[in-house]
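Each reported figure results from applying straightforward, stated rules to the coordinates on display, with no laboratory input. Keep in mind that what you see is a predicted model, and the values were worked out from it rather than measured. Cβ sites come from the backbone with ideal geometry, for glycine too, and all protein chains shown count toward neighbours.
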Amino acid sequence: MFNLFSGPKQHIRRAVVLLEEAHMARLEHQAAAEHHSALAKMYAERAKRLEREIQQTQLAAASSGTLSEVSVIEQPALYALNGKRAS
């Protein structure tokens, strides 16, 4: 555990520094997790809202009889599941 050139005091100091770094890393990751959780909730709410809008549009089109199918605007995806962002 201890080498010949550093005694127990240096080892304890180093352990204290590593402990402080570990606490800081935990706090940083906890903050990031809270941020990602909030984003996940926001996107889930957005998906529900968009699904409702699509259903309402389809119902309105079906009841009026003017449109048999809702057209989708073709746009490239900004984000992809493979992690590559389209530009």
> For the residue pair Leu18 and Glu45, what label-to-label distance in nm results when each label sits 7 Å from Cα along the Cα-to-beta-carbon direction?
Replying inline: 4.3 nm
>> Tell me the net charge near Arg14. Cut-off is 15 Å between Cβ atoms, Arg14 excluded, with +1 for each Lys or Arg and -1 for each Asp or Glu.
In response: 0
